[in-house]
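One structure below.
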Amino acid sequence: MTLRAAHSRAGELERRFLSGTFAELCRIESPSGSERACAERVIAELRALEVGVEEDGAAERAGSDCGNLLARIEGGPSPGGEGSAPEPRTCVLLCAHLDTVPLLAPVEPVLTDGVWENANEGILGADNKAAVAVMLALARHVRRIGAPVDVELLFTVCEETALAGARAFDAGRLRSDFGYVFDHASPIGEIVLASPTHFRIEAEFHGVAAHAGIRPEEGRSAILAAARSIAAMRLGRLDEQTTVNVGTIAGGTAMNVVPERCSLVAEVRSLQEKQAEDVVAEVIERMQEAANLPECECDVDVGVERMFSGYKLPASRPAVRAAEMALQACGHQPSQIASGGASDANALIAQGLEVVNLANGTERNHEPGERVSAAALEEMLDVALVLLDAAADASSSAAR
């Protein structure tokens, strides 16, 4: 199938805009909960293009200083013969998140040998500002040239805190037939067709405080109970579909006091929902067993929260077929993968919208040394532009 070349490639000025905007966005610190400054930059850019932007009321629920942003761009006149009613236009959603994980150092983007990195020892913010920059460049292109579909742009907050912004967003506001996020740190060409269900487990161990040097036998160490429980857990990758991690632990008051309290936070992820539930039960059992050990004799309170549900998308869906066509047209070999990570796609799919997560060529996300090549940024813009053509073709084929 031949895609429309007129909408398929960005020009030199758009590529320069993409590069400059990406660097500018990275410099704006926007850890989860503090996205306002980055949001204002996005709003200003879209309004300069005479694109309306709506901010929802998700800030409080998501734990942010601003809500999610939604913008709509009409691609152009609806098709239809002379004297006939216009045909309904396909509408496609593109989604990116404004937040980053916490910063360990200021962000100063530098381009070295064709690769963007942070000059300081910390994250770059390419997750997900590479996608934000691509979407703004795409908006400029569509406003200038048009597109065969209408486009909705969704910029979410607090994605890095269990998709809080997308989960608080009302997907009923969208007109899109299907959508895409560009939020997987792996080579362009990978299409995420499966993502895990995720549970958060919080436990607080309650012991008895005592002087550690004078009356240690009268104390009951909550930290010991927590440590025993962690040592008894199966952690890391349990199988190809399931992982378990204890991410934080805190407790005690002073080195000479048997610690009365200790809390920990763990997570369980699995592509199989039943497997995730079974492993959660196993983790809780290890906590309870440790609390009841003779050397511990503590109480433990455990809370479990399903943070988001997993999904499996059929490869035959129009959104997947359109992604494969666009990637092939841009010289990338499509590859269908399952991921242990999640994205806003999980939250939007849970609300009934078909959304596909496409890898965007970023590397080492959430780490000092995070990077993305200038070539990957430009190639992802080309993919996004061709994707609009492919979406129109896929929708037409599905209608037939």
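The values are calculated or read from the model by the stated rules, or taken from the named source; none is laboratory data. Fair warning: this is a prediction, and the values are worked out from it, not measured in the lab. Glycine also receives a Cβ, built like all others from the backbone with ideal geometry; neighbour counts cover every protein chain displayed. Note: areas computed on protein heavy atoms with side chains; ligands, DNA, RNA excluded. Shrake-Rupley method; radii C 1.70, N 1.55, O 1.52, S 1.80 Å.
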List the residues whose amide H sits under 5 Å from the amide H of residue 30, counting only those 5 or more places along or on another chain, with H placed 1.01 Å from N in the peptide plane. 100
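So which trypsin sites (Lys or Arg not before Pro) in segment 102-188 pass both tests, a DSSP loop state and at most 15 other Cβ atoms within 10 Å of the Cβ?
Filter output for segment 102-188: 175.
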Below 12 angstrom from the Cβ of residue 171, what's the summed charge of the other residues (Lys, Arg +1; Asp, Glu -1)? -2
Solvent exposure of segment 281-400 as accessible area per residue, Å², 1.4 Å probe: 40 Å²
Under 5 Å from the placed amide H of residue 119, counting only residues 5+ away or on other chains, we find 108, 110
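Mind ranking 231-243, 50-62, 337-349, 377-389 by how tightly packed they are, going by the mean number of other C-beta atoms within 10 angstrom, highest first? Intermediate results must be reported in sequence, preceding the final value.
Details: 231-243: 14.2, 50-62: 16.1, 337-349: 22.3, 377-389: 24.4.
Highest to lowest by the protection proxy: 377-389, 337-349, 50-62, 231-243.
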Could you give the nm distance between label points at residue 40 and residue 289, where each point is 7 Å from its Cα heading toward the beta carbon? 5.4 nm
Here the relative contact order (percent) of the chain, from C-alpha pairs under 8 Å and at least 6 apart, is 23 percent
In Hz, Karplus ³J(HN,Hα) per residue of segment 294-305 (6.51, -1.76, 1.60; θ = phi - 60°; x = Gly, Pro): x, 7, 10, 6, 10, 9, 9, 9, 10, x, 10, 9
Which order, highest average first, do 253-266, 206-219 follow once you tally other Cβ atoms within 10 Å for each residue and take the mean per peptide? 253-266, 206-219
For Rg and Dmax of the Cα atoms in Å, which listed value, [x] 24.0, 95; [y] 49.3, 203; [z] 22.8, 73, comes from the coordinates shown? [x]
For segment 150-237, averaging the sequence separation of alpha carbon pairs under 8 Å that lie six or more residues apart and dividing by its residue count, the contact order in percent is 14 percent
With +1 at each Lys and Arg Cβ and -1 at each Asp and Glu Cβ, the charge dipole magnitude of segment 109-160 around its Cα centre, to the nearest 20 debye, comes out at 440 debye
Check residue 208: other-chain or 5+ apart residues with amide H under 5 Å from its amide H, H built from backbone geometry? 220, 221, 222
Compare the Cα positions of 174, 105, 252 along the charge dipole of the chain (+1 at Cβ of Lys, Arg; -1 at Cβ of Asp, Glu; about the Cα centre) and return the one farthest towards the positive end. 174
What number comes out for the charge environment of residue 63, summing +1 per Lys or Arg and -1 per Asp or Glu over other residues with Cβ under 15 Å away? -4
Using θ = phi - 60° and the Karplus relation 6.51 cos²θ - 1.76 cosθ + 1.60, list the HN-Hα couplings for segment 238-251 in order, rounded to whole Hz, with x at every Gly or Pro. 7, 7, 5, 10, 10, 9, 9, 8, 9, x, 9, 8, 8, x
Which value at 222 nm does the chain reach when only helices count, each DSSP H run of 4 or more adding -39,500 (n - 2.57), with the total divided by all residues and rounded to the nearest 500 deg cm²/dmol? -10500 deg cm²/dmol
On the protein heavy atoms, probe 1.4 angstrom, tell me the percent of accessible surface of segment 156-196 carried by carbon and sulfur. 43 percent
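Hydropathy at least 1.0 by Kyte-Doolittle, axial extent at least 20 angstrom from the Cα trace: which helices of the chain, defined as entire DSSP H runs, fit? Show your work: numbers first, answer last.
Details: long enough: 12-27 (23 Å, -0.29); 126-145 (28 Å, 0.49); 273-291 (28 Å, -0.54); 374-399 (38 Å, 1.05).
Answer set is 374-399.
Can you tally the net charge around residue 160? Count Lys and Arg as +1, Asp and Glu as -1, for every other residue whose Cβ sits under 9 Å from the Cβ of residue 160.
On the way: positive: none; negative: 99, 127, 159.
So the environment of residue 160 carries a net charge of -3.
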Extension reserve of the residue 299-residue 245 stretch, reckoned as 0.36 nm per residue once the Cα distance is removed: 17.2 nm
